[in-house]
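The structure appears right after this line, and notes come after that.
The values are calculated or read from the model by the stated rules, or taken from the named source; none is laboratory data. What you see is a predicted model, and the numbers here were worked out from it, not measured in a lab. Cβ: placed from backbone, ideal geometry, glycine included. Neighbour counts: every protein chain shown. With ligands, DNA and RNA removed, areas are computed over all heavy atoms of the protein, side chains included. Shrake-Rupley method; radii C 1.70, N 1.55, O 1.52, S 1.80 Å.
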Amino acid sequence: MTADMTADTAAATRRVGVLGLGTHLPPGTRSNEEVARDAGVTAQWIGERTGVLTRHVAGPDEAASDLAAHAVRSAVEAAGIGIADVGLLVCATSTPDELGPSTACRVQALVGAHRAVALDVGAACSGWLFAAKVAYDWLRGAGADGYAVVVGVEAYSKFLDRGDRGTSVLFADGAAAAVLGPVDEPYGFADFRLGSDGTQAGLVLIPGGGSRLPAAPATLAAGSHHIHMDGRSVSRFIVDVLPRLITEALDRAGLGVQDIACFVCHQPNPVLLRRLGGELGIPPDRLVVVGDQVGNIGAASAAYALAAAAARHGLRPGDRVLITVFGAGMTWGSALLTWSGARALMPVPASVPHPPVPNVSERNLP
């Protein structure tokens, strides 16, 4: 057998899993009472309809890359590697620092990962899992074992119309990162499945600021730089796609709900997530719900929930985790992960209130 054949065989059989997790939430917060005042609803209404209790908000001088850098540092520390060991840094976000360069390059500079290839992945709230698949394939195809960091981050507060109760009650800021690298049998990722349907791209978007509607006085006046969401259609999409992702993943693996130690999902709405979990027969203690404390943090949601499962829910080596994501685009995905016992660092921010903002127009939450 030649050296090339040996390398190809090793790459084909190389297992890749999570070696460390880190999260970051900015210290600023907005309570349901604050959000309700601006959105023209009550705090009770927000809690009953969404389950979100509070949300973290980046400061005026904080961009997505700043939040992501904190999470990356924690993930690298949790993995017990040096930042110089990172060969790939993939950032998933729909709220980049700027249209170009990639936010991953900003993060790379902030953390000093000078040996890493840095790139962004844009798949909205599905982004972290899409980015993890990029890193998974990169690592499996490499000539030798290495490490990749995958970070999901959003600074949604920069793009919210505070008077739009369909979005302001849900979206928030935060980051979560994972170090991916070699793991032993039977640990690691398996059965990635990703999908998208661009015909539904208009259901959730920030219409202004890109090449279709460049920033101009007219786009500012029209509120085109805020998040726009067709909440009813998005809810119908979630109700269809989440049960399908879970049941199809279980069927492919020949597993049942009872075989999964932890279900890690995107966190669009805790009330809806818990309802769908119950309909699928998922025991409440196996469904990770973090959206009540952090809101919808988009591409960071699934990784943040995975970190919470590791740090707070007692994941043990060998436990099976089913990860499911869905988001604007529309996009969706799933993966099975056999847990290797990785450490998760979730620093607790010192919460400070967010300054009040003027009341603006009201829309309806579906």
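Computed values, structure above
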{"item": "GNM flexibility winner over the chain from Gln200, Gln267, Gln258 (Cα, springs under 10 Å)", "result": "Gln258"}
{"item": "Surface accessible to a 1.4 Å probe, per residue, for the residues of segment 153-279, Å²", "result": "42 Å²"}
{"item": "Counted charge near Ala124, where neighbours are those whose Cβ lies closer than 13 Å (Asp, Glu -1; Lys, Arg +1)", "result": "-3"}
{"item": "Carbon and sulfur %, accessible surface of segment 196-250 computed with the full protein complex present, 1.4 Å", "result": "58 percent"}
{"item": "Per residue convex hull volume, Cα atoms of segment 273-327, in Å³", "result": "93 Å³"}
{"item": "With all protein chains modelled, accessible area of His225 [1.4 Å, Å²]", "result": "40 Å²"}
{"item": "Gap separating the Cα centres of segment 190-262 and segment 287-321, nearest whole Å", "result": "19 Å"}
{"item": "Charge tally in the Cβ shell below 12 Å around Ala201, where Lys, Arg are +1 and Asp, Glu are -1, Ala201 excluded", "result": "-1"}
{"item": "Ser196 accessible area, 1.4 Å probe, all protein chains in place, Å² to nearest 10", "result": "80 Å²"}
{"item": "Relative contact order %, segment 78-166, counting alpha carbon pairs below 8 Å whose residues are six or more apart", "result": "38 percent"}
{"item": "Two-decimal log10 I(q)/I(0) for the chain, as the Debye equation yields it once each C-alpha is a single scatterer, q = 0.10 Å⁻¹", "result": "-0.58"}
{"item": "Percent of Cα-Cα distances greater than 16 Å, calculated over segment 191-241", "result": "53 percent"}
{"item": "Translational diffusion coefficient (Stokes-Einstein; Kirkwood radius from C-alpha pairs) of segment 57-159 at 37 °C, 0.692 mPa s, in µm²/s", "result": "241 µm²/s"}
{"item": "Residue of Trp339, Trp45, Trp128 that the Gaussian network model of the chain assigns the largest fluctuation, springs spanning Cα pairs under 10 Å", "result": "Trp45"}
{"item": "Sequence ranges 312-325, 46-59, 174-187, ranked by mean other-Cβ count within 10 angstrom, highest first", "result": "174-187, 46-59, 312-325"}
{"item": "Estimated 222 nm signal from helices in the chain, with DSSP H stretches of n ≥ 4 weighted -39500 (n - 2.57), rounded to 500", "result": "-10000 deg cm²/dmol"}
{"item": "Percent of Cα-Cα distances greater than 23 Å, calculated over segment 1-137", "result": "49 percent"}
{"item": "Whole-number percent relative contact order across the chain, with pairs defined as alpha carbons under 8 Å at least 6 apart", "result": "27 percent"}
{"item": "Extension gain from Ala109 to Leu220, taking 0.36 nm per residue of separation minus the Cα-Cα distance", "result": "36.8 nm"}
{"item": "Overall form of segment 133-282 per C-alpha gyration tensor (a/c, 1.5; a/b vs b/c)", "result": "oblate"}
{"item": "Residue among Gly152, Gly298, Gly231 with the largest mean-square fluctuation in a Gaussian network model of the chain, springs linking Cα atoms under 10 Å", "result": "Gly231"}
{"item": "Directionally averaged shadow of segment 80-126, computed from the convex hull of its alpha-carbon atoms, nm²", "result": "3.6 nm²"}
{"item": "Charge context of Thr93, other residues only, Cβ under 13 angstrom, K/R +1, D/E -1", "result": "-4"}
